[in-house]
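Notes follow once the structure below has been shown.
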């Protein structure tokens, strides 16, 4: 079974370097063995879109708790979807230590402005905090 690197996934898809949503998704898919072996189950390279799957059934039901949490995070970073499983608490309470750094790096890829001091990411949320 082929193991994809992050670079291979980005190149196979033709992902632009500014497409942070896909880059975060591909980081997670490339970095976790369970997800990497099922890349084509979760992503359609022809349509260039994620495949919304039932994470409690089918192929994904063989994933452990941590891998399921990672794919939920990946889908959430991609298009804010993963259903009720995708709460911040559920995701981070389910991620095993060896996958924590994968999750944090995916968040950094998706939101690079978080590294800038005093940066307001979205002006519409500025008054909330």
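Please treat every number below as a calculation from the coordinates, not as lab data. From a predicted model like this one, the values you see are computed outputs, not experimental measurements. Glycine gets a Cβ as well: all are built from the backbone with ideal geometry, and neighbour counts include every protein chain shown.
A compact table of results
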{"quantity": "Volume of the Cα convex hull of segment 2-104, divided per residue and given in Å³", "calculated": "96 Å³"}
{"quantity": "Cβ-based exposure ranking for 11, 17, in which fewest neighbours within 10 Å come first", "calculated": "17, 11"}
{"quantity": "Sorted by Cβ neighbour density within 10 Å, fewest at the top, the residues 65, 2", "calculated": "2, 65"}
{"quantity": "Exposure proxy order (Cβ contacts within 10 Å, fewest to most) of 67, 37, 94", "calculated": "37, 94, 67"}
{"quantity": "Sites residue 47 and residue 16, calculated FRET efficiency, Cβ-Cβ separation with R0 25 Å, nearest 0.05", "calculated": "0.90"}
